[in-house]
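The values are calculated or read from the model by the stated rules, or taken from the named source; none is laboratory data. Values in this document were obtained by computation on a predicted structure and should not be read as measured data. Note that each Cβ is placed from the backbone with ideal geometry, even for glycine, and that neighbours are counted across all protein chains shown. Surface areas here come from the heavy atoms of the whole protein model, side chains and all, with no ligands, DNA or RNA. Shrake-Rupley method; radii C 1.70, N 1.55, O 1.52, S 1.80 Å.
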Amino acid sequence: MILVTGGAGYIGSHAVLELLQAGHEVLVLDNLCNSSKVALDRVEHLAGRTVQFVKGDVRNRSLLNALFASYPIEAVLHFAGLKAVGESVREPLRYYETNVSGSIALCQAMAEAGIFKLVFSSSATVYGDSPRMPITENCPTGIPTNPYGQSKLMAENVLRGLAESDPRWSIALLRYFNPIGAHESGLIGEDPNGIPNNLLPYMLQVAIGRRKHLSVYGADYPTPDGTGVRDYIHVVDLAKGHLKALERLSLVHGVSTWNLGTGRGYSVRQMVTAFEEVIGRPLPHIYKARRPGDIAQCWSDTTKARDELGWEAKKGLLTMLTDAWRWQSRNPQGYGVDKAATATKKADTATETALAS
Ligand code: NAD
Ligand code: UDP
């Protein structure tokens, strides 16, 4: 059985579906602070199989101990974390506590239970403003400009030190580039709280009529058309990368770092044009000053993941945008009211209490 922390979230729910489809038993631990249990109901529907779910916090050591004692867990995919850059600037302690202390609590409980296989959700943000493109895994890590990025780099360093201290650990640090898109069914996808920070969720909400226009942050970058360039990757390709990493951890010890991207960069202007093609109409957008903390460009070298994991992203930009649009147009309010309703369900809290006591 695989424990998936944060498995009700955007990337986690797609990974849970891939795990179920590959025949794994799955236990999800999620406190639903940024997700809905409905996502997992839909995953079960798509897979035709059930997922064990416990509503609870990854920082709760006694709950973790109880989970490891109650379920035959062999490995952990650790997605649980907070990811909003702006919020991390306003509430740094909450970010360090969840993303760093949460990872420490998880590893402590895993070690106590004798489980040493861990796949960690890291980010290309750890490279900072890299002077080298494309970015390989041995490019030096940079100085992330916000507590979110710092917390990912800190967690990576904690995991690296841990693996160096004890040869039983096999840890994958997966550095995601820019995950977008949704499962082709249109049943699961990204459901951001409040005003989206990221480019594609914002474009989707403009297209659906929830926001007036997109603001393009900066047209004076040293890039071919002046707008920022990123390596967008389909969330299903990304999810599949986790299964490959998991397989690989059975063969290698210590820490392994893999970039998960496509190896191709697109500018904001290119994204807008491609998205307009998908929706069949113009997308209202205006040009604004650069967003503080943004870098000009960032795309991956994917050679290491291809050679060592036998994995590469298969889905192109139009598929990413078409799948994202299908999800958004079929679910204009995301998971909608169910998100809040599920989060307060008394039964879920009872599960956490019962397991932890
Ligand atoms: P998400 O917010 O949709 O998923 C995170 C999940 O973790 C949510 O379901 C949330 O409820 C849960 N969670 C948060 N704090 C928790 C806690 N203390 N205990 C238990 N559960 C908790 O985000 P996502 O986009 O699916 O990201 C998953 C992981 O990937 C995160 O660690 C994120 O930092 C990392 N990542 C995301 C991106 C991206 O662009 N989406 C890029 C790089 C890295
Ligand atoms: N971006 C933009 N308008 C938005 C959100 C993002 O122009 O409303 C730009 C941003 O400046 C960057 C690119 O889109 O060049 C991707 O931004 P996102 O926040 O999605 O990813 P990140 O910057 O974290 O890689």
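Brief remarks on what is shown
- When each of Pro131, Pro72, Pro92 is tested for being open to solvent by 20 Å² or more (accessible area, probe 1.4 Å) and within 22 Å of Ala245 (Cβ to Cβ), the lone residue that passes is Pro72.
- Members of the range 29-73 that are more than 9 Å from ligand 1 (Cβ to nearest atom) and among the β-branched types (Val, Ile, Thr): Val38, Val43, Thr50, Val51, Val54, Ile73
- For the range 149-162, a tally of residues being open to solvent by 10 Å² or more (accessible area, probe 1.4 Å), within 14 Å of ligand 1 (Cβ to nearest atom) and of a type outside the set (A, V, I, L, M) returns 2.
- When the range 104-125 is filtered for residues that are within 14 Å of ligand 1 (Cβ to nearest atom) and open to solvent by 30 Å² or more (accessible area, probe 1.4 Å), the ones remaining, listed by number, are Ile104, Thr125.
- If the condition is being touching an Asp or Glu at 6+ places or on another chain (Cβ under 6 Å), open to solvent by less than 30 Å² (accessible area, probe 1.4 Å) and either of a type in the set (S, T, N, Q) or closer than 25 Å to Ala47 by Cβ (or both), then the range 163-200 contributes Gly181, Ala182.
- Filtering the range 40-87 to residues that are assigned to a loop (DSSP other than H, G, I, E, B) and within 16 Å of ligand 2 (Cβ to nearest atom) leaves Gly81, Leu82, Lys83, Ala84.
- Of all the criteria given as (1) more than 16 Å from ligand 2 (Cβ to nearest atom); (2) of a type outside the set (Lys, Arg); (3) more than 30 Å from Pro72 (Cβ to Cβ), the one not satisfied by Ile143 is (1).
Conditions tested, residue by residue: (1) part of a helix (DSSP H, G or I); (2) at pLDDT below 95; (3) among the β-branched types (Val, Ile, Thr).
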position: Gln270; (1), (2), (3): yes, no, no
position: Val278; (1), (2), (3): yes, no, yes
position: Pro282; (1), (2), (3): no, no, no
position: Arg290; (1), (2), (3): no, no, no
position: Glu312; (1), (2), (3): no, no, no
position: Thr319; (1), (2), (3): yes, no, yes
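- Checking Val51 against (1) more than 30 Å from Arg291 (Cα to Cα); (2) surrounded by 22 or more Cβ atoms within 10 Å (Cβ to Cβ), the condition it does not meet: (2)
- Within the range 297-311, one or more residues are within 16 Å of ligand 2 (Cβ to nearest atom) and open to solvent by less than 20 Å² (accessible area, probe 1.4 Å).
- Residue list for the range 132-186, filter: at pLDDT 95 or above, within 30 Å of Leu321 (Cβ to Cβ) and among the charged types (D, E, K, R): Glu137, Lys152, Arg175, Glu184
- Qualifying residue in the range 239-259 (condition: touching a Gly at 6+ places or on another chain (Cβ under 7 Å), in a helix (DSSP H, G or I), under 20 Å from Val43 (Cβ atoms) and more than 16 Å from ligand 2 (Cβ to nearest atom)): yes
- The set of residues in the range 7-28 being open to solvent by 10 Å² or more (accessible area, probe 1.4 Å) and touching a strand residue (DSSP E or B) at 6+ places or on another chain (Cβ under 9 Å) consists of Gly9, Tyr10, Ile11, His24, Glu25.
- Some residue of the range 212-234 being crowded, with 22+ Cβ neighbours inside 10 Å, within 16 Å of ligand 1 (Cβ to nearest atom) and over 28 Å from Pro131 (Cα atoms): no
- Listed conditions (1) farther than 16 Å from Ile180 by Cβ; (2) within 10 Å of ligand 2 (Cβ to nearest atom); (3) touching a residue at least 24 places away in the same chain (Cβ under 8 Å) are all met by Ala289, apart from (2).
- Each residue in the range 183-209 was checked for being within 13 Å of ligand 2 (Cβ to nearest atom), in contact (Cβ under 8 Å) with a residue 60 or more places away in the chain and in a loop (DSSP other than H, G, I, E, B), and 3 pass.
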